[in-house]
Amino acid sequence: MADDRILVIVDDDAKFAATLRRSFERRGYEAHAAAGPEELDALLTTVSPGYAVVDLKLAGSSGLACVQRLHAHDPDMLIVVLTGFASIATAVEAIKLGACHYLAKPSNTDDIEAAFARVEGDTEIPLTERPTSIKTLEWERIHETLIETDFNISETARRLGMHRRTLARKLEKRPVK
């Protein structure tokens, strides 16, 4: 691993990346940010980070491509993937591509640092039988489709196969933040 106090944050949300960057800098890291794969490639020509935090969904690309690039750059780098759309499939792929951990948002600097410290698996982790409710699954699918359509209600309703008014009523009950 290059320098374990150098961190790269790959996230297309500039405000979130800046906040996370400041938080890690207060903890003694030299933090850098990239909005996507192209910026990451340019950054990796000048710095060799020991840590990386990668958002799974980037504008126009997947964070998994960035995980792959980071792992190819330095196989010993500790990479944590953050996502608001956690799924078993993307978690498995992130780990296969070189991530050491996969965290669902909201996660803070403490959670990310703890993930960096837990590189090895834990055989003592409790197994839970807490199934996800249908309402939660429905809301997650609605929210994911809203993002895919740039919050176009009509297009979202069409893709979900529901009436526009039905979708509007659901959104009134639980507004998107």
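The values are calculated or read from the model by the stated rules, or taken from the named source; none is laboratory data. These numbers come from a predicted model, not from an experiment. Quick reminder, even Gly has a Cβ in these numbers, built from the backbone with ideal geometry, and neighbours come from all protein chains shown.
Summary of values
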quantity	calculated
Every residue from region 1-41 that is small (Gly, Ala, Ser) and free of Cβ contacts under 8 Å to residues at least 60 places away in the same chain	14, 17, 18, 28, 31, 33, 34, 35, 36
Of residues in region 56-65 being touching a residue at least 24 places away in the same chain (Cβ under 8 Å) and on the phi < 0 side of the Ramachandran plot, the one surrounded by the fewest Cβ atoms within 10 Å (Cβ to Cβ)	59
Wholly within region 22-116, strands (runs of 3 or more DSSP E) carrying at least 2 residues that are at pLDDT 95 or above, farther than 20 Å from residue 144 by Cβ and touching a helix residue (DSSP H, G or I) at 6+ places or on another chain (Cβ under 7 Å)	30-34, 49-55, 78-83
Qualifying residue in region 47-55 (condition: in contact (Cβ under 8 Å) with a residue 60 or more places away in the chain, among the hydrophobic types (A, V, I, L, M, F, W, C) and closer than 20 Å to residue 93 by Cβ)	no
